[in-house]
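Participant: Got a structure for you, written out below as structure tokens; questions coming shortly.
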Amino acid sequence: MYKIQKSEYCISVSNLRKRYGKANTYAINDITFDVKYGSVFGFLGPNGAGKTTTVKILTTLLRATSGSIYIFGRQLLKNQSEIKKRVGVVSQNPSFETNLTVERALDLYGILWGLNDKQLRKEKINKILNTFDLESIKSIKNDELSIGQRRRVQVAREFIHEMDLLFLDEPTVGLDPSARRLLLDYIKSQVKSGLTVFFTTHIMEEAEYLCDQIAIMDKGKIIAFDTPSGLKQKYGK
């Protein structure tokens, strides 16, 4: 389903820094990590740790102060147009199409991603509605939904297009326990098909359930990095 490149890592980041203003205030301070293909890489840390800033840099919404970034074996800024075609992003900030029903918004999103075959687009939408339990609200306008319902739609719509890498920035915020588990299980199923996921959270239980490797961020630095079981052995439950 998903294409795998021959480069060693899906994401490779070296000595990444992001400084704000002229003062030596770093939102990200010299972080280095690699993300394997077909895995879930977790960024775990409190609010303000630098997780969202890192995602914004990796998705070209922000420019790094220094450091190198390679995605799919290609230098990010030199190949960003090509890379973006193969990447999905669910940002932390709410995002939805006002005055459109859930079903119509998904249809529009499919068109924007180049799914011009109407029948194929319809089949994908029906699958997404069923998978994310959105059937009962498909005819409701997005701006009439609850915060949790909007979040579900925001996450679900990203799966309407094919991608090799998905950035999920605190995707479960606002979701009830049932919707949260549904999302995490669906991500797991897609990773088995070859998808690579960069997942930020401040909830250790989520990271432990979903992630193959976890980097713990604090004040712009990676202070620990290992598998979930490895972190448990080193630092306790």
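Participant: At what distance in nm do the modelled label points of S178 and L112 sit from each other, each positioned 7 Å from its Cα along Cα→Cβ?
Facilitator: 2.9 nm
Participant: Follow-up. If DNA, RNA and ligands are ignored and the probe is 1.4 Å, what is the ranking of Y209, Y235 by accessible area, most exposed first?
Facilitator: Y235, Y209
Participant: Can you pull the accessible area of E97 for me, 1.4 Å probe, Å² to the nearest 10?
Facilitator: Near enough 50 Å² of accessible area.
Participant: If the chain between I140 and T98 were fully stretched, how many nm would it gain, using 0.36 nm times the residue separation less the Cα-Cα distance?
Facilitator: 14.0 nm
Participant: While we're here: Going by alpha carbons, how many degrees (0 to 90, nearest 10) lie between the helix axis of 118-131 and the longest principal axis of the chain?
Facilitator: 70 degrees
Participant: Also, I was wondering about something else. Taking the Cα centre of the chain as origin, work out the dipole magnitude from +1 charges on Lys and Arg Cβ and -1 charges on Asp and Glu Cβ, in debye rounded to 20.
Facilitator: 640 debye
Participant: Taking Cα atoms, how many degrees apart are the long axis of helix 102-112 and the longest axis of the chain, rounded to 10 and kept between 0 and 90?
Facilitator: 60 degrees
Participant: Right, here's the next one. Please state the relative contact order of the stretch 67-195 as a whole percent: Cα pairs under 8 Å, 6+ residues apart?
Facilitator: Relative contact order here is 34 percent.
Participant: Right, something else. Calculate, for the chain, the solvent-accessible area per residue in square angstrom, rolling a 1.4 angstrom probe over the heavy atoms of the protein chains.
Facilitator: The answer is 51 Å² per residue.
Participant: Still on this model: Carbon and sulfur: what percent of the chain's accessible surface (1.4 Å probe)?
Facilitator: Heavy-atom surface of the chain belonging to carbon and sulfur, 1.4 Å probe: 49 percent.
The values are calculated or read from the model by the stated rules, or taken from the named source; none is laboratory data. These numbers come from a predicted model, not from an experiment. Backbone-built Cβ (ideal geometry, glycine too); neighbour counts: all protein chains shown. Surface areas here come from the heavy atoms of the whole protein model, side chains and all, with no ligands, DNA or RNA. Shrake-Rupley method; radii C 1.70, N 1.55, O 1.52, S 1.80 Å.
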